[in-house]
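Contents: one structure, followed by commentary.
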Amino acid sequence: MCKKLTDQGLSVKVIEAAPDMGGTWYWNRYPGALSDTRSYFYRYSWDLEDLREYPWKREFLKQPEILAYLRHVVDRHDLRKYMQSKTQVQRAIYDDVDNLLTVSLSAGPRLTARYIVTAVGLLSKINYPGIPGLKTFEGEMYHTGNRPASYDFTGKRVGVIGNGSTGVQLVTALADQNVKQLLSFQRHPQYVVPAGDAEEQVWGEVRNSVLGFGFEESSKPTFSVSEEERERIFEDAWAKDEEANKAAAEFICRKIRQMFNRPNVDVVNIGTNPITRLLNKGIRTADGSEYELDILIIATGFDAVDGNYKRMHIQGVLGKTLKDRWKQEPSSFLGTCIPGFPILFTVLGPNGPFTNIPRLFEIQVEFISDMISHARKVAAAKSAVNGSCVEVDTTELQAWMRQCDEASANSLFRKTPSWIFGANVAGKRPSVLFYFGGLATYR
């Protein structure tokens, strides 16, 4: 976004809460942190020279490699001079007379902006579980979304709460760090496969796919054929090599069991025996068992999509705040614009596509920068001193929300509680946070 706007000749200031840039890949520094996207696609496509020449060591990148790449891009395009770090946006107030936003910061003078673009991330507001005694634990406790850049776990008794993608990566990595004991507190087992190494140049396919991850997607809906045809397709796929399927499944299970069968690694099933409270020195479960720990790592995810907006006071037309507007459910047009909040744009706002993030924010950045460019041209043509007011109409948002609801109606995600609909945060009203129609359709 910064590169796009400075290329338009605009004065740009980037406000960053962290000590340095990197976003997700600055804060998520836990052992084993890994991208779920092939390295060739986990980069910017707009710098073709860098796309071809920047070296990657593996197909699925680890956190330090991604952070190094992001810093490389910032330095390559001399963007650091526009950035103010260790600073949070506290307030943004719209002035409908001058068509400006006044921004108050945690450090430094207030700013006046013709346009504001928020890019606070989908998964950035840490979510802690509501376990009694959480603040009484006397050992060291970290959330995976904000832990020290380096830590020596040697000889420590470590507990991990959470078994999603982050928990799996973390436990797998910690098992190799000479811990005295590693306990994974799990409600449900996970399915995992090892990351391989390969590279394909199929950018066009990625941008015109549903999920944007660079793998071949089925184009035939399951129920578009008869039950007999469905059975035949499934049988053909299975019969191609039934023994290979079974062998692969057994290999994966065996590898997972190897890790948990180590004498210092174990699983505590909190699905049938839930955690009742944290103690000064560990965890107690419903059956009365107590597990002493030196370190507790929380891997329970984030208050997704709108979580970070809740800490900012954003005020739009007629003094209405974003918090008030989103009281029932967060919503935005295409994940980028909100009625009643002119000249405010969001990257990865509510109701954007559920798809590969790097591809999505490139598309949204292009859309927002084009809108700003068009608004400036309109203002210049009209000699408008206060610029053009850019705002989405409420009826357009309502129509988009209906599309989002319809696209997710048959999704399996709606049949189980998860962060994708906001069900992982206590007290948060589940709602449609994404568009499930695919990246190509969204474009």
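What follows draws every value from the coordinates through simple rules; no lab data is involved. Just so it is clear, the model here is predicted, and its values are computed rather than measured. Cβ atoms come from the backbone with ideal geometry, glycine included; neighbour counts cover every protein chain shown.
A straight chain from Lys323 to Asn178 at 0.36 nm per residue would run longer than the Cα-Cα distance by 47.6 nm. Membrane-span-like helices of the chain, defined as complete DSSP H segments with a Cα extent of 15 Å or more along the helix axis and a mean Kyte hydropathy of at least 0.0, are identified as 357-381.
The residues packed around Cys337, meaning those with a beta-carbon under 12 Å from its beta-carbon, carry a net charge of -3 if Lys and Arg are +1 and Asp and Glu are -1.
When restricted to Cα atoms, the stretch 38-170 yields an Rg and a Dmax of 20.3, 63 Å, respectively.
Net charge in the neighbourhood of His77 (other residues with Cβ under 14 Å of its Cβ; Lys, Arg +1, Asp, Glu -1) is +1. Protection proxy ranking of 73-82, 13-22, 118-127, by the mean of other Cβ atoms within 10 Å over each peptide's residues and highest first, is 118-127, 13-22, 73-82. With the charge dipole of the chain set up from +1 on Lys and Arg Cβ and -1 on Asp and Glu Cβ about the Cα centre, the Cα lying farthest toward the positive end among the listed residues Gln169, Asn261, Thr346 is that of Thr346.
Between Glu229 and Arg71, the simple spin-label model (points 7 angstrom out along Cα→Cβ) gives 5.5 nm.
The label-point distance for Tyr142 and Leu79, in a model that sets each label 7 Å from Cα toward Cβ, rounds to 2.7 nm.
In this simple spin-label approximation, Glu290 and Ile131 carry label points 7 Å from Cα along the Cα→Cβ vector, and these lie 1.5 nm apart.
A DSSP coil position with no more than 16 other Cβ atoms inside 10 Å describes the following chymotrypsin sites (Phe, Trp or Tyr not before Pro) in the stretch 1-55: Trp46.
The residues neighbouring Gly145, those whose beta-carbon lies less than 11 Å from its own, together hold a net charge of +2 under the Lys/Arg +1, Asp/Glu -1 convention. Relative protection proxy for 399-410, 348-359, from highest mean packing down: 348-359, 399-410 (other beta-carbon atoms within 10 angstrom).
Each principal axis of the Cα cloud of the stretch 367-443 was evaluated for its coordinate range; sorted largest first, these ranges are 54, 30, 21 Å. Rounded to the nearest 20 debye, the dipole magnitude of the stretch 306-430 is 400 debye, with +1 charges on Lys and Arg beta carbons, -1 on Asp and Glu beta carbons, and the Cα centre as origin. Legend: ranking of residues Leu134, Leu67 from fewest to most surrounding C-beta atoms inside 10 Å; resulting order Leu134, Leu67. Listed options for mean projected area of the Cα convex hull in nm² are [x] 23.7; [y] 24.8; [z] 43.3. The value calculated from this structure is the one marked [y]. The charge dipole of the chain, taken about its Cα centre with unit charges on the Cβ atoms of Lys, Arg (+1), Asp and Glu (-1) only, comes to about 1640 debye. Counted by neighbouring Cβ atoms within 10 Å, the residues Arg91, Arg232, Arg325, Arg38 run from fewest to most as Arg232, Arg91, Arg325, Arg38.
Among 335-341, 411-417, 360-366, 437-443, sorting by the average number of other beta carbon atoms lying within 10 angstrom of each residue, highest first, gives 335-341, 360-366, 437-443, 411-417.
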